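Read the structure below first, then the notes.
The values are calculated or read from the model by the stated rules, or taken from the named source; none is laboratory data. The shown structure was predicted, so the numbers you read here are calculated from the model rather than taken from an experiment. Note that we place each Cβ from the backbone using ideal geometry, even for glycine, and neighbour counts take in every protein chain shown. Surface areas here come from the heavy atoms of the whole protein model, side chains and all, with no ligands, DNA or RNA. Shrake-Rupley method; radii C 1.70, N 1.55, O 1.52, S 1.80 Å.
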Amino acid sequence: MVSTVTIQGAGSQTIGLNFNNASTFAIAQQIAAQLQAALSAGTTVLEYGTAGSPPPLPAGVSGAFVQTTAKAAILPAGYTTDIVTKPGHATVLDIGTATETVLSGASTSLNFVATGGSGTVAAGGGNNRLVVAGTTAGNWTLATGNGNETIAVLGKANATIAAGGGHNTIILGNTRVRSDGAEDHLSAAPVFAAPIVTADSALAGYGQGNGDNNRNGDDSRRRNGNGSDGNRGRSSGDNGHGSDGGDHGHGWDGSDHGHTPPQSGAGNILIVSTGQDTILGGGGNVTIDASGAVSDYVRAGSGHLLFVGGSGGATILGSSGSDTFFGSSGPTGSQYITGGTGGNNLLWAGDGAATLQGGGNNDQLYAFGGHSQLLIAASGNETLSAALSSGNDTLRGGSGNDLLIGGSGNDTFIGGSGHDTVIAGTGTNTFDFIKQHAGGAELVQGLTNAASIDIHLIGYGENAIQQALNSQVVSHGSVTIGLRDGTTITFQDIASLSRSNFS
């Protein structure tokens, strides 16, 4: 059943949003009634987004932005409501606004990313991706329709999640969940402040660019808008045109000039990618909305990178900053993502072939979907998780103290030189140890049947298996074996191993 929420704008303009879930419709009705009262009292003004970003507000009033055509929006200071009527994919980026409200209808697949703040998101349908991460303990309500949702609360936020009747994936920090879904996947995540790109409250130095290409199926056009002196630059063609004070965005066209693609600069930049684009990060914070892109190649800079992917492929090479990557919740192209050496990278694969590699300390890497994916830890303390994946994934430990979490597929765990804890998945679990890569200590949890253990010793030479079996020591019902290079492996709640556990 589809129900409609209406908001009366100026004159005879009426905004209608459809909702296919009764509880989310009820929340949207309450929001619409409060907004309508504020519009009638003149304390809130309604601005339509047919010309791009919201205009500055008059003094003493708040703003509600109707996102009709813009693929991505960051609300400037004073705007507290985003009403998304754009069909298809649309992105809303919250820079930490207090009591922000977002409404989207059943025809919209919403990408919402919040860096902090508080508020309510009521998504009427579509396949939505809602992510709240930050360092403050704001209160969020995240309500969705009956699509297949991906919802994550990764920071210190207090969130109430009301997921609809689809197949939902939910990663939890400090959250309460009510889900009507028939087949939901829930994962408890560490409380973690993801390094999502932020802009200051006045959006000083904020730029927006659109990139696409049109040269023999290859990369040819790059556009980048740069703002300065507190003004906003916005580029949608070969030459960007600025606003709010006469500044100008500067365009670059690879088909006309023999120059390399531009760096994003030192400001806070939003880039909307719709083609096969090459983007070079600079010293500032960069947000890339690639939900409509074909494929992107990104070399991150020293700032924070936030990349929201779509069905296209992506290659992202981290630099000295920290990176946040969200792949598509639906089918996607090939993904090769490396985090920055600044650490605190959050890399979340889309549902396609993917290689995710950490870059520093405290990285979190998530496999997702039904494809085989590879997660590689860096030298720091990493979390590698296939809990949201049904594919046959490979998780490779590094030199730090890593946590490796299996999923429902047949997963392979490669031991590193640090201290790894493995939480085995529900499929067949394979444990690989490679001489000159291993050498650390590995604790395996979550198994109770020795028959489900398959160990591969690679490069250890003849008689390595027998030597490992001869080294068995049992303590408190758990067996530990040792390898020639000093590697130790403990299988918790497994009393002994036999030759059948090795292949």
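So what are the range 33-162's ellipsoid semi-axes, whole angstrom, largest first, if each one is the square root of 5 times an eigenvalue of the alpha-carbon gyration tensor?
22, 18, 13
Using a cut-off of under 15 Å, list every residue of the range 466-503 whose amide N is near the label point 7 Å from the Cα of residue 428 along the Cα-to-beta-carbon line.
Once the point is set 7 Å along Cα→Cβ of residue 428, 500-503 turn out to lie under 15 Å by backbone N, inside the range 466-503.
What fraction of the Cα pairs in the range 8-102, stated in percent, has a spacing above 16 angstrom?
Of all Cα-Cα distances in the range 8-102, 56 percent exceed 16 Å.
Would you mind getting me the FRET efficiency between residue 452 and residue 160? Use the beta-carbon distance for r and R0 = 51 Å, nearest 0.05.
Working from the Cβ atoms, E equals 0.85.
In nm, what is the difference between 0.36 nm times the number of residues separating residue 336 and residue 22 and their Cα-Cα distance?
Full extension of this stretch gives 109.1 nm more.
Please give, to one decimal in nm, the separation of the simple spin-label points placed at residue 62 and residue 1, each 7 Å out from Cα toward the Cβ.
For the pair residue 62/residue 1, the computed spacing is 3.1 nm.
What accessible area per residue comes out for the range 425-501, rounded to a whole number of Å², with a 1.4 Å probe?
Heavy-atom accessible area per residue stands at 49 Å².
For the range 270-360, what does the accessible surface come to per residue with a 1.4 Å probe? Please give it in Å².
The answer is 25 Å² per residue.
Kindly identify the range 333-378 as rounded, prolate or oblate by the Cα gyration tensor criterion: order the square roots of the eigenvalues as a ≥ b ≥ c, call it rounded if a/c is under 1.5, otherwise compare a/b with b/c, prolate if a/b is larger, else oblate.
It is prolate, given that a/c is not under 1.5 and a/b is the larger ratio.
In what sequence, highest mean first, do 449-461, 413-425 appear when ranked by Cβ atoms within 10 angstrom?
Those peptides, ordered most packed to least, come out 413-425, 449-461.
For a protection proxy built on the mean count of beta-carbon atoms within 10 angstrom, sort 391-402, 476-487 highest first, please.
The most tightly packed comes first, giving 391-402, 476-487.
Set the Förster distance to 51 Å, then compute FRET efficiency between residue 462 and residue 320 from the Cβ-Cβ distance, nearest 0.05.
0.70
Mind giving me the nanometre distance, one decimal, between the label points for residue 107 and residue 355, set 7 Å out from Cα along Cα→Cβ?
4.2
Based on the Cβ-Cβ distance of residue 471 and residue 408, what FRET efficiency does E = 1/(1 + (r/R0)^6) give at R0 = 41 Å, to the nearest 0.05?
Using R0 = 41 Å, I get an efficiency of 0.80.
Could you tell me what percent of the accessible area of the range 414-503 is made up of carbon and sulfur, with a 1.4 Å probe and every protein chain present?
50
In nm, to one decimal, how far is the residue 37 label point from the residue 498 one, both placed 7 Å along Cα→Cβ?
7.2
Rounded, prolate or oblate: which fits the range 280-336 when a ≥ b ≥ c are the square roots of the eigenvalues of the alpha-carbon gyration tensor, with rounded for a/c under 1.5 and prolate only if a/b beats b/c?
Cα axes put the range 280-336 in the prolate bin.
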